[in-house]
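Working notes, beginning with the structure itself.
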Amino acid sequence: MPRYCAVKVCRNRGGTASKQEDKRISFYPFPLQDKPRLQKWVDNMKREEWTPSRHQYLCSEHFTDDCFDIRWGIRYLKSTAIPTIFPSIQDVCALSSFHHTSI
Ligand SMILES: [Zn+2]
């Protein structure tokens, strides 16, 4: 069962990033047990009135590097990490046109 990023404008899903080993996409479940942090995640996604399920994930693209701890070559999301990188609609348009021209 592939994992999908819960961000609507984000096209990342499990198994599609294998071409770029140095920029591997990871998926992280929402902190459903930690309500204050969960609220910050949802606020940053600009999706009020929405509660993610435990089957939904955010991909690593939405977190800055300092949200991660790297131990023994494995990247862990810190327990305090808040996703802050969300493309605006304009960015998405730029990105999708970029993808079109690059294919
Ligand atoms: Zn994503």
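None of the figures in this text is laboratory data; all of them are computed from the coordinates on show. Fair warning: this is a prediction, and the values are worked out from it, not measured in the lab. In this analysis, Cβ positions are derived from the backbone assuming ideal geometry, glycine residues included, and neighbour counts consider all displayed protein chains.
Summary of computed values
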item	result
Local net charge near Cys5, Cβ-Cβ under 11 Å (Lys/Arg +1, Asp/Glu -1)	+3
Karplus (6.51, -1.76, 1.60) ³J(HN,Hα), θ = phi - 60°, over the stretch 34-40, in Hz, Gly and Pro reported as x	10, 4, x, 6, 4, 4, 5
